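S.K.: Before I ask anything, let me first share the structure, which is written out below as structure tokens.
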Amino acid sequence: MSPLSSSEQLLLRLLREVLWSQGAPVDAPYPDLPTCQATYALAKKQAVEGIIDKRLSEMMAQAGATQELLLQHAQRKWTIVRTNQHVDQVVIKVVNALQQSNIGYVMVKGQGVARHYPTPQLRKPGDIDLYVGTANYQAAIDALLPLAQTEVSEEDKHASLVVDGIDIEIHHSVISQRHTADGRRLQQWAARALAPECSRTIQVAGVNVEIPSENAESMYIFYHAWHHLFHHSGVGLRQLIDWMLTLHDDHAAIDVDKLEALLRKVHLLNDWQTFAALLVRHLGMPAEEVPLYQTGRERRADHLLRIVMQRGNHGEQGYAELLAHRPKSRLRGRLYTMQRFLRLYADLYHVAPRSARNSIAMYLKKGCRHHD
């Protein structure tokens, strides 16, 4: 792996300090202002700027940042806090509507995961994902439609609508690639593991909300990050931190034998262990808290980190670069897109060879038309 830049090193250091209450290394250099600013820009691409803002602002002040610049950072942080508060209220509204209609649901990812963070309100929020299964799918749409400000749009796995400015996804499935053997196995697992009767209850802003069991949550958050890496061009640090902090809090309750059996069944054990090596090697996760952690994956973890840093949250940075440089011609544009994606899959081969081969085969079979 090529050496990390000074801003990448500082970002990882700050995340370790904040998430694990680690003090700075004794010999750690104090960053200058340009490095601090580059680190903040990188944190935004990784959707983790709220997590490190306080510590980075202290460094910026020491490096001579103006009060105006520090105020801008404070305003951005409070924007994240206010957005989280708003999303919490939308969760309450949506959950109440489902409960009043006696519709079972499980909220996956998102605000349910935020509780694992040292300061939940500083995790950058996204949309609200609700799994209802196939039987309750249309009933859930009908129950939430009166709250929506948009028409319902339907995709492969879910219906989408907007409530008070927040995207709501109502899932009849949370697994993609269901036409493959491993995808079908994961679909069967998800239908059982994410069923409302298998859920547990947490509180969001004082209201009971159903989320997956410890085993189901740890597996699904990993699968979601893995899927974005191999089938949506990239995964960001925030997604990996979601998984890491979930494991940190829940590892003692996870049935490791069941987890290992599932990972072997769907051929993802090696990938899990490579992702886990990144958490331990670069984000400070205690190895003993990672189920099925195995040494010897460090080189693959380094390759994975490089891809994460280059492509940003959900691969948005890589996709933005693709769009910026893609030729206008339809044919040349498709060829350019194919070249970029094949290069990505070649990089992914160093992370998880089997998954990369399968992704390349699927991409070539499908073609690059879906990127037009």
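The values are calculated or read from the model by the stated rules, or taken from the named source; none is laboratory data. This structure is a prediction, so every number in the text was calculated from the model and none was measured. Cβ coordinates were reconstructed from backbone atoms using ideal geometry, including for glycine residues, and neighbour counts include every protein chain displayed. Ligands, DNA and RNA are stripped out before the accessible areas are found, and what is left, the full protein with its side chains, is counted by its heavy atoms. Shrake-Rupley method; radii C 1.70, N 1.55, O 1.52, S 1.80 Å.
S.K.: Is it fair to say Ile170 is of a type in the set (A, V, I, L, M, F, W, C) and either in contact with a Lys or Arg (Cβ under 6 Å, 6 or more places away or on another chain) or open to solvent by 10 Å² or more (accessible area, probe 1.4 Å) (or both)?
M.R.: Details: of a type in the set (A, V, I, L, M, F, W, C): yes; either in contact with a Lys or Arg (Cβ under 6 Å, 6 or more places away or on another chain) or open to solvent by 10 Å² or more (accessible area, probe 1.4 Å) (or both): no.
No.
Per-residue answers, yes or no, for (1) closer than 15 Å to Ser199 by Cβ; (2) in contact with a helix residue (DSSP H, G or I) (Cβ under 8 Å, 6 or more places away or on another chain); (3) hydroxyl-bearing (Ser, Thr, Tyr):
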{"position": "Thr83", "(1), (2), (3)": "no, no, yes"}
{"position": "Val87", "(1), (2), (3)": "no, yes, no"}
{"position": "Ser101", "(1), (2), (3)": "no, yes, yes"}
{"position": "Val106", "(1), (2), (3)": "yes, yes, no"}
{"position": "Gln121", "(1), (2), (3)": "no, yes, no"}
{"position": "Asp129", "(1), (2), (3)": "yes, no, no"}
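S.K.: Any residue at all in the range 154-165 that's modelled with pLDDT of 95 or more, open to solvent by 40 Å² or more (accessible area, probe 1.4 Å) and not in a helix (DSSP H, G or I)?
M.R.: Within the range 154-165 (the criterion being modelled with pLDDT of 95 or more, open to solvent by 40 Å² or more (accessible area, probe 1.4 Å) and not in a helix (DSSP H, G or I)), the answer is yes, since at least one residue qualifies.
S.K.: Quick check on the range 258-273: of everything there that is under 18 Å from Arg300 (Cα atoms) and either modelled with pLDDT under 95 or not in a helix (DSSP H, G or I) (or both), which residue is most open to solvent (accessible area, probe 1.4 Å)?
M.R.: Once the filter is applied, the top-ranked residue is His267.
S.K.: The conditions are (1) under 24 Å from Ile202 (Cβ atoms); (2) of a type outside the set (A, V, I, L, M); (3) not in a helix (DSSP H, G or I), and Asp88 fails exactly one of them. Which is it?
M.R.: It is condition (3) that Asp88 fails.
S.K.: With His248, His267 as the choices, which residue is touching an Asp or Glu at 6+ places or on another chain (Cβ under 8 Å), farther than 18 Å from Val113 by Cβ and not aromatic (Phe, Trp, Tyr)?
M.R.: Numbers: His248 fails: farther than 18 Å from Val113 by Cβ.
Result: His267 is the single residue among His248, His267 that is touching an Asp or Glu at 6+ places or on another chain (Cβ under 8 Å), farther than 18 Å from Val113 by Cβ and not aromatic (Phe, Trp, Tyr).
S.K.: Okay, next question. What number of residues within the range 212-257 satisfy the criterion of being open to solvent by 20 Å² or more (accessible area, probe 1.4 Å), modelled with pLDDT of 95 or more and not in a helix (DSSP H, G or I)?
M.R.: Count: 2.
S.K.: Let me ask something additional. Checking the conditions here, which among Leu56, Leu4 is closer than 29 Å to Gly126 by Cβ and outside any helix (DSSP H, G or I)? So that I can check it myself, show each step before the final result.
M.R.: Numbers: Leu56 fails: outside any helix (DSSP H, G or I).
The conditions single out Leu4.
S.K.: Out of all the residues in the range 91-148, which are assigned to a strand (DSSP E or B), without any contact (Cβ under 8 Å) to a residue 60 or more places away in the chain and farther than 23 Å from His248 by Cβ?
M.R.: Of the range 91-148, the ones assigned to a strand (DSSP E or B) are 106-108, 128-131.
Of the ones still in play, those that are also without any contact (Cβ under 8 Å) to a residue 60 or more places away in the chain are 128-130.
Matches in the range 91-148: Ile128, Leu130.
S.K.: Here is a further query. Identify, from the list Leu186, Leu194, the residue that is farther than 23 Å from Ala301 by Cα, in contact with a strand residue (DSSP E or B) (Cβ under 8 Å, 6 or more places away or on another chain) and crowded, with 23+ Cβ neighbours inside 10 Å.
M.R.: Details: Leu186 fails: in contact with a strand residue (DSSP E or B) (Cβ under 8 Å, 6 or more places away or on another chain).
After applying the criteria, what remains is Leu194.
S.K.: State yes or no: is Leu122 closer than 30 Å to Thr35 by Cα and either surrounded by 20 or more Cβ atoms within 10 Å (Cβ to Cβ) or among the polar types (S, T, N, Q) (or both)? Outline the logic, then answer.
M.R.: Values: closer than 30 Å to Thr35 by Cα: yes; either surrounded by 20 or more Cβ atoms within 10 Å (Cβ to Cβ) or among the polar types (S, T, N, Q) (or both): yes.
Criteria met by Leu122.
S.K.: Then there's this: So in the range 110-139, with the set limited to residues that are among the small types (Gly, Ala, Ser) and farther than 22 Å from Ile221 by Cβ, which one is modelled with the lowest pLDDT?
M.R.: Among residues in the range 110-139 that are among the small types (Gly, Ala, Ser) and farther than 22 Å from Ile221 by Cβ, the one modelled with the lowest pLDDT is Ala135.
S.K.: Name the residue, out of Val204, Val256, Val209, Val266, that is touching a Pro at 6+ places or on another chain (Cβ under 6 Å) and in contact (Cβ under 8 Å) with a residue 24 or more places away in the chain.
M.R.: Values: Val204 fails: touching a Pro at 6+ places or on another chain (Cβ under 6 Å); Val209 fails: touching a Pro at 6+ places or on another chain (Cβ under 6 Å); Val266 fails: touching a Pro at 6+ places or on another chain (Cβ under 6 Å).
None of the other options fit; the residue is Val256.
S.K.: Of a type in the set (Val, Ile, Thr), farther than 17 Å from Val95 by Cα and exposed (fewer than 14 other Cβ atoms within 10 Å of the Cβ): which single residue out of Thr134, Thr201 fits that description?
M.R.: Details: Thr201 fails: farther than 17 Å from Val95 by Cα.
Just a single option satisfies the conditions, and that option is Thr134.
S.K.: Restricting attention to the range 274-331, report how many residues are in a loop (DSSP other than H, G, I, E, B), at pLDDT 70 or above, in contact with a helix residue (DSSP H, G or I) (Cβ under 7 Å, 6 or more places away or on another chain) and at negative phi. It would help to see each step written out before you state the result.
M.R.: Filtering the range 274-331 for residues in a loop (DSSP other than H, G, I, E, B) gives 283-286, 290-297, 312, 326-329.
In the following step, the residues that additionally are at pLDDT 70 or above were identified as 283-286, 290-297, 312, 327-329.
Those left that are additionally in contact with a helix residue (DSSP H, G or I) (Cβ under 7 Å, 6 or more places away or on another chain): 283-285, 290-294, 297, 312, 327.
When the remaining residues are screened for being at negative phi, the result is 283, 285, 290-291, 293-294, 297, 327.
Of the residues in that region, 8 qualify.
S.K.: Given the criterion over 20 Å from the mean Cα position of the chain (by Cα), assigned to a helix (DSSP H, G or I) and under 24 Å from Arg299 (Cα atoms), identify the matching residue among Gln75, Gln37, Gln9. Please lay out each step first, then the result.
M.R.: Values: Gln75 fails: under 24 Å from Arg299 (Cα atoms); Gln37 fails: under 24 Å from Arg299 (Cα atoms).
Result: Gln9 is the single residue among Gln75, Gln37, Gln9 that is over 20 Å from the mean Cα position of the chain (by Cα), assigned to a helix (DSSP H, G or I) and under 24 Å from Arg299 (Cα atoms).
S.K.: Ok, one more. Return only the number of the condition from (1) charged (D, E, K, R); (2) surrounded by 14 or more Cβ atoms within 10 Å (Cβ to Cβ); (3) at pLDDT 95 or above that Glu68 does not satisfy.
M.R.: Looking at each condition in turn, Glu68 falls short on (2).
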